[in-house]
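First up is the structure itself, then whatever we jot down about it.
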Amino acid sequence: MTMYGQGILRGLTITLKHLVKTYFNDMRYMGKKYFNQSEFELRQGMKTEGIYTVQYPDEKVAVPERFRFTPFLVVEDADHPERPGHDWCTSCGICAKVCPPQCIWIVRGEDPVTKRPIPEPEAFFIDIDICMNCGYCAEFCPFDAIKMDHDYEMASYDRTTAHIHDKERLSKPFSYWLTIAPTTAHEEAESRGSWEHSDVVKSKKKTSTPATVYKPVSSPAEVMEMLKEAAPKPAATADAVATTEAVATAAAATGPSAEEVLKAERLRKRKEALARKLAKEASGG
Amino acid sequence: MAIAVPQTEQVDVNAVIDKLKEKFPEAVKNDPRQGYKGVIVDKAKLVEVATSIRDDFGFDYLSSATGVDYFGIADEMEMVYHAYRTTGGPALVFKAQTPRDNPEIPSLIDVWPGADFQEREVWDLYGIRFPGHPNLQRILLWEGFNGHPMRKDWKEAYYEEEHKPFESRWPDGYIHRSEEANAYGHNVAYPADLDLSRLTDTSEEALYNSLGLGVDVQDLTGEGGIRTDRLVVNLGPHHPSTHGVFRMVVTLDGETIETLDPVMGYLHRNHEKIGERNSFLHNMPFTDRLDYISSMSNNLGYALAVEQLLALGARYQPPSYRAEVIRVLMAELTRIVNHLWSLGFLLNDLGAFFTPMLYANNEREKILDFFEATAGSRLMCNYMRFGGVFKDIPERIHSVVNLVNDKVRDYNTMDYLTEMINERLPRFMDEYERLLVNNEILKTRTIGVGILPPDRAIAYSTCGPLLRGSGVAYDVRRADPYSIYPELDFDIPVGVQGDIYDRFMVRMHEIRESLRILKQILPRLERTKGESVMTKVGHTPRVPVGESYGRVENPKGELGYYVVSNGDDKGPQNPWRYHIRAPSFINLTALGPMAKGHKVADVVTILGSIDIVLGETDR
């Protein structure tokens with residue numbers, strides 16, 4: 001005959017075991033697991049026991065390479081020998097077309113003299129409120145020019161001004177992409193055949209100049225190695241952070257008037273664009 | 001608890017159709033359209049034919065009933081029904097057509113009670129009336145909503161264009177916020193007979209009236225001369241036990257439930273209309289948001305539906321073997337994720353606050369870590385594509401420092417999976433079983449509560465653990481197999497009594513069965529290493545004309561996608577119709593009958609045992 005309550009008692013021993021294990025675990029590592037990198041890995045891994053927490057924001061789980069948050073635009077590094085700060089984007093519009101919630105707005109660049117389209121966006125907006133973080137833009141971009149960022153800490157107090165990211169806010173150097181996703185960047189470089197933008201590769205092929213191989217790298221491990229050697233790796237990240245911060249502070253210093261000016265400018269340009277479109281339609285029809 | 005290995009019958013649908021045509025020579029004719037399946041039934045004889053389909057031909061399970069508006073193509077509306085045999089086999093598709101002005105199709109609620117909510121939904125969104133339906137009220141929108149939004153000539157607020165991509169985005173895309181535009185300007189087509197005074201919500205009144213409640217106190221007992229009345233209690237919409245914004249209107253006699261009416265639609269966003277504006281590819285991340293606990297299998301169902309259509313074309317290549325292996329890996333991991341979640345919350349509903357739930361969540365996080373490293377996101381995976389998956393599983397699950405205080409991890413993916421599937425999860429399941437299965441409180445609260453007999457379970461079109469808990473061994477993975485399931489070895493756990501405990505046990509066993517499948521998947525993953533996981537489909541696939549119904553055994557039940565392509569070769573590639581047969585939505589049909597006669601406290605548990613998610617119920 002089974003005693004009533006046996007199942008409950010057995011269950012309670014399990015909860016007790018969990019509790020004890022938690023303290024046992026704490027004692028075993030003597031608090032090291034909150035500071036030491038390798039113990040953190042152990043704590044998050046398959047062998048962990050008891051109850052454990054990641055003490056956000058004192059510690060954060062670094063996100064994996066493929067993690068996608070919001071998109072950013074890749075531009076050449078500031079110290080690029082040939083085209084520093086140049087956009088990778090050619091304003092082909094594929095990202096705007098595959099975007100499921102249609103949050104990408106691109107103004108195609110125009111040559112001021114000939115009025116012909118040039119492969120560079122004049123303006124690039126992403127409404128971060130609408131973005132659904134699906135990663136299609138990065139997946140289907142033929143030039144590897146738009147990528148998903150890992151920086152998920154972008155809460156702000158005012159959604160009406162802070163959440164439409166313009167080209168300046170979106171642009172981040174290529175070295176930043178290399179830091180956050182070395183393996184993926186390496187795979188992409190391999191398929192392009194060079195660390196350079198595919199247009200540069202093409203033009204060099206045409207003029208038969210040897211492609212300035214940025215740094216010949218053959219494996220993701222080497223990329224990691226290279227990043228360690230290329231010294232200011234954290235500096236590159238810090239730079240990126242610093243620039244965005246500088247922009248933010250500059251915007252904050254001048255107050256909302258600057259924002260309003262920007263918005264007015266945007267609306268004006270939009271009106272112009274609409275007028276252009278209407279004119280085109282009128283002449284076409 | 002029994003384990004069933006159902007015998008999949010070989011059903012020749014064409015033979016059935018021939019016999020059906022013999023029996024009803026005037027009423028039934030083949031669907032002549034290219035790429036369409038099944039028969040068109042004369043609506044005057046629909047009920048008769050449907051009864052014959054159920055009784056004479058054994059198609060006892062109505063999986064999906066939905067409307068399509070062929071505005072501009074045939075100027076007709078259509079109801080599409082997918083009936084199956086619970087012993088397995090393909091669908092018998094039959095349709096009934098009705099003119100667009102004054103659309104009316106007889107209700108099939110007497111043949112399949114599971115048509116109840118689905119017909120109400122079609123009335124709500126398409127405005128097709130169903131004579132014979134006892135309670136033809138709007139279900140997702142509010143009573144008084146003007147128009148029927150799924151009609152092709154209905155335009156939503158902030159309407160821009162028929163199809164995405166919208167022209168304004170490129171090349172002159174100076175951004176404007178939707179809120180800067182006028183929501184109710186020229187972009188909305190008002191119905192001709194718009195009467196603003198009608199814009200009042202009458203659904204509450206109708207609801208309470210339907211419960212038969214008056215001002216007069218009714219004599220219920222009569223004994224001892226005590227005059228009592230029934231009491232109406234609204235459980236929800238904001239109540240933790242409803243797992244979202246969901247409302248149950250119950251009438252109580254004392255503490256006993258007399259009637260229960262589910263009220264839903266609080267999370268309605270007209271997902272299907274959005275889906276028709278989207279291109280085929282655009283819809284994939286939107287499917288994540290249906291059953292947001294198990295986005296991977298949602299993706300799979302949609303990919304299967306569109307691949308069926310693509311296969312009608314000439315240049316289609318099926319996904320590679322490795323892609324299929326990875327799909328099954330993801331689908332089964334998702335099943336574990338979902339069941340861990342639902343078991344945890346079922347225990348929460350029973351009052352075992354958060355201990356079992358957090359234990360289960362611990363393990364769930366491990367799987368989500370793998371999802372994040374592979375697909376890029378923990379919940380909204382958006383991983384499957386037409387013709388494969390987004391990317392191969394990564395070699396290492398590792399991260400790079402980016403933010404301040406970041407801590408990195410680095411594991412070999414295959415080691416991680418192997419250890420999780422072979423050791424950690426089985427160990428956890430043993431422990432979880434010891435913790436719960438023999439717990440006396442759990443048993444008293446769940447055994448004999450919320451019984452759903454097998455015949456009712458089939459009639460209500462329930463699916464998933466709810467159906468199997470009632471002893472019906474119906475699992476799409478076996479009954480109508482897809483992907484590589486035919487070559488995998490697994491059983492289908494079924495319940496005996498059809499009570500909450502059985503559903504609970506079915507879920508526990510399904511986790512074990514999923515682990516069994518995953519153990520067979522691991523060597524296949526090793527073997528196919530290096531194979532491509534994606535065929536060349538691209539972001540604007542040419543989808544041939546036709547219809548398809550892709551269904552998968554989602555953790556919550558049978559998830560079906562009914563997709564129609566009008567195959568416009570030059571124009572944008574958008575689905576003409578994109579319908580979701582949501583398991584949570586249809587399973588709720590059985591909630592009222594199950595709850596009848598039980599106490600208020602049991603309703604919470606019964607709802608928990610159905611395992612609904614509102615993202616999918618309300619769409």
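Please treat every number below as a calculation from the coordinates, not as lab data. It should be emphasised that the depicted structure is a prediction, and the values quoted were computed from it without experimental measurement. Neighbour counts run over all protein chains shown; Cβ positions are idealised from the backbone, glycine included.
Assuming charge only on the beta carbon of Lys and Arg (+1) and of Asp and Glu (-1), the dipole of the protein assembly as shown about its Cα centre is about 1580 debye to the nearest 20. Considering only B:VAL233, B:GLY301, B:ILE397, the residue lying farthest towards the positive end of the dipole of chain B is B:ILE397, judged by Cα position with unit charges set on Cβ. Take the Cβ atoms of B:VAL233 and A:GLU272, set R0 to 56 Å, and the FRET efficiency comes out at 0.40.
Among beta bridges from DSSP that stay inside the range B:2-126, the antiparallel ones total about 85%.
For a quick check of your reading of the filter: which GluC sites (Glu not before Pro) in the range B:241-329 sit in a DSSP loop and have no more than 14 other Cβ atoms within 10 Å?
B:GLU255
Around the Cα centre of the range B:2-126, unit charges on the Cβ atoms of Lys, Arg, Asp and Glu (plus for the first two, minus for the last two) sum to a dipole of about 340 debye. Taking each pair of distinct Cα atoms in the protein assembly as shown once, what is the resulting Kirkwood hydrodynamic radius in Å? Taking the inverse mean of 1/r over all distinct Cα pairs, the protein assembly as shown comes out at 30.1 Å. Under 27 Å of direct C-alpha separation, and excluding same-chain neighbours fewer than eight residues apart, A:LYS206 reaches these lysines: A:LYS115, A:LYS215.
Counting only residues at least eight positions apart within a chain, or on another chain, the lysines with an alpha carbon under 17 Å from that of B:LYS152 are B:LYS164, B:LYS273. Going down the table (A:LYS97/B:LYS536; A:LYS205/B:LYS536; A:LYS172/A:LYS202), which pairs top 21 Å between alpha carbons? Beyond 21 Å: A:LYS205/B:LYS536; A:LYS172/A:LYS202. Each residue in B:GLU419, A:GLU196 was given a count of other beta-carbon atoms within 10 angstrom of its own, and listing them fewest first yields B:GLU419, A:GLU196. Given the pairs A:LYS167/A:LYS269; B:LYS391/B:LYS519; B:LYS366/B:LYS407; A:LYS60/B:LYS556; B:LYS407/B:LYS519, which are separated by over 26 angstrom at their Cα positions? A:LYS60/B:LYS556; B:LYS407/B:LYS519, as the Cα separations exceed 26 Å there.
Taking GluC sites (Glu not before Pro) across the range B:494-601, the ones in a DSSP loop with at most 13 further Cβ atoms lying within 10 angstrom of their Cβ are B:GLU531. For chymotrypsin sites (Phe, Trp or Tyr not before Pro), the sites in the range A:119-186 that DSSP calls loop and that have at most 11 other Cβ atoms within 10 Å are A:TYR157. Each other residue within a Cβ distance under 9 Å of B:TYR549 adds +1 if Lys or Arg and -1 if Asp or Glu, for a net charge of +2.
Of A:ILE118, B:ILE458, B:ILE139, how do they rank once you tally other Cβ atoms within 10 Å and put the fewest first?
A:ILE118, B:ILE458, B:ILE139
The charge dipole of chain B, taken about its Cα centre with unit charges on the Cβ of Lys, Arg, Asp and Glu (plus for the first two, minus for the last two), comes to roughly 1520 debye. Per residue, the protein assembly as shown reaches -12000 deg cm²/dmol at 222 nm when only DSSP H runs of four or more residues are counted, each adding -39500 (n - 2.57).
Could you quote the convex hull projected area for the range B:485-592, Cα atoms only and averaged over all directions, in nm²?
10.2 nm²
The lysines within cross-link reach of B:LYS45, meaning a Cα-to-Cα straight distance under 22 Å and a gap of 8 or more places when in the same chain, are B:LYS19, B:LYS21, B:LYS23, B:LYS29, B:LYS37, B:LYS95.
Span-like helix check, chain B: qualifying full DSSP H segments, with Cα axial length of 24 Å or more and mean Kyte-Doolittle of -1.0 or more, are B:321-349, B:355-375, B:500-527. May I have the pair-distance distribution P(r) for chain B, computed from all Cα-Cα distances with 10 Å bins from 0 and rounded to whole percent? Computed distribution, short to long bins: 3, 15, 26, 27, 19, 8, 2, 0, 0. Distance between the pseudo-spin-label points of A:ILE130 and B:PHE145 (7 Å out from Cα toward the beta carbon): 2.3 nm.
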